[in-house]
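I have placed the structure first, in the form of structure tokens, so that the comments after it can refer back to it.
Computed from the coordinates by the stated procedures, all read-outs in this text should not be read as laboratory data. Because the structure is a prediction, the values reported are computed rather than measured. Counting neighbours? That spans all protein chains shown, and the Cβs are built from the backbone with ideal geometry, glycine included.
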Amino acid sequence: MIYTITFNPAVDYVVTADTFRTGKTNRTKTENIVFGGKGVNVSLLLHALNTKSIALGFIAGFTGKALREGVEKEGITTDFIEVENGFTRINLKLHAEEETELNGSGPEISENELKSFFEKLGALTPQDTLVLSGSVPKSLPKDIYAQIAKLAQTKGVRLIVDAAGDLLLSTLEFQPFLVKPNREELSEMFRAPADTEEQVTALAEELKRRGAKNVLVSMAGDGALLYTETGEVYFAPAAKGTLINSTGAGDSMVGGFLAEFTRSGDFEKALAMGTAAGGATAFSVGIAGFQKIMAVHESVKAGVQRVR
């Protein structure tokens, strides 16, 4: 089974406006409610590609109940822990002349609630895959990623990490199966440029040297690069379409990659599906559905190539 972790899921209020002016009354043009958070987004994308998963994490308050009901209505199995203090965050995603986000902070998670979470993880087996992604609430230990990565390694669980900075770096000694930074995160991690394919490849190789088995780097309009555990490097061109909402595109890449790799075990095919899924979501409100993903996939797959 595939399990996704979302420490801090969210109810996203996605609105568009012709213009936005601070200090003034503004009117929306369109409004949508999207239930998400990085791990939840991965589960939604997996479901769109007919791949089962269970969404783990923490919810709280009336927004948490709405999120769980909304996600389960989409066909996702959840096993969230309900937190007593606070409420699941609401994030404002405003699309006017520019994209603007105002994200909530989320609930406070107690030691007992965290203990219950680790008890769930303790039941995982080597047949399971765990997707660890997103930010960590202030109430959780700073080394929570490393703790989970160590547990996954001990149990032989396939671990996928989608995070930035020290969160990702802290997991490398436990040899995660796949890490997925974007190009900006990769550059910031090593304080080095990642402007060219050669520079991205060199930094991805450094992540492998430190312990990652496979490295998938999303590069927005420049496509994606995959450095595999067997030393091959693949490149996928960016999907073509009209950007509607970039939120969830990286999570969708993870979901698309994982869905295809689970089926075929083929890195090249997995890169193509991941790139298509990420692009399809960027061209949608919320996480893309099957038909849009497959339509984008048709335009992407022929461009995937091995470059090393």
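I'd like the per residue volume of the convex hull spanned by the Cα atoms of the range 1-143, given in cubic angstrom. If you can, show how the numbers build up before the last one.
Details: hull volume 18.6 nm³, N = 143.
Once divided by residue count, the hull of the range 1-143 is 130 Å³.
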Would you kindly work out the equivalent ellipsoid of the chain from its C-alpha gyration tensor and give its semi-axes, the square roots of five times the eigenvalues, largest first in whole Å? 27, 25, 18
What is the packing order of peptides 202-213, 265-276, taking the mean over residues of other C-beta atoms within 10 Å and listing the highest first? 265-276, 202-213
Entries in Lys65/Lys292; Lys150/Lys180; Lys93/Lys150; Lys38/Lys138 that, when Cα-Cα distance is taken, lie over 25 Å: Lys65/Lys292; Lys93/Lys150
Which whole-number percentage describes the relative contact order of the range 173-308, with Cα contacts under 8 Å and a sequence gap of 6 or more? 22
Once the Cα atoms of the range 120-170 are picked out, what are the Rg and Dmax in Å? 10.9, 32
What fraction of the DSSP beta bridges in the chain is antiparallel, stated in percent and rounded to the nearest 5? 40
Can you tell me which of 27-34, 112-119, 10-17 comes out highest on packing, and rank the rest after it, using the mean Cβ neighbours within 10 Å? 10-17, 112-119, 27-34
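How long are the semi-axes of the equivalent ellipsoid of the range 72-184, defined as square roots of 5 times the Cα gyration tensor eigenvalues? Whole Å, largest first. Mind showing how you got there, number by number?
Values: eigenvalues 129, 78, 45 Å².
Ellipsoid half-lengths, sorted descending, are 25, 20, 15 Å.
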About the Cα centre of the chain, what is the dipole size in debye to 20, counting +1 per Lys and Arg Cβ and -1 per Asp and Glu Cβ, all else neutral? 320
Listed residues Pro137, Ala163, Pro193: farthest to the positive end of the dipole of the range 125-204 (Cβ charges): Pro137
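Counting alpha carbon pairs within less than 8 Å and at least 6 residues apart, what relative contact order, in whole percent, applies to the range 2-306? Spell out each step's value before the answer.
Working: 668 pairs, mean separation 44.5, N = 305.
Relative contact order of the range 2-306: 15 percent.
With Rg and the Kirkwood Rh both taken from Cα atoms, where does Rg over Rh land for the range 128-211? Display every interim value, and only then the final one.
Details: Rg = 12.9 Å, Rh = 13.2 Å.
Ratio value, two decimals: 0.98.
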Normalised by the number of residues in the range 47-121, what is the relative contact order in percent for Cα pairs under 8 Å and 6+ residues apart? 29
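In whole Å, what three semi-axes, largest first, describe the equivalent ellipsoid of the range 213-255 built from its Cα gyration tensor (square root of 5 times each eigenvalue)? Intermediate values should be presented prior to the final figure.
Details: eigenvalues 100, 28, 7 Å².
Each semi-axis is the square root of five times an eigenvalue, giving 22, 12, 6 Å.
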To the nearest 20 debye, what charge dipole does the range 21-178 have about its Cα centre, counting +1 at the Cβ of each Lys and Arg and -1 at the Cβ of each Asp and Glu? 260
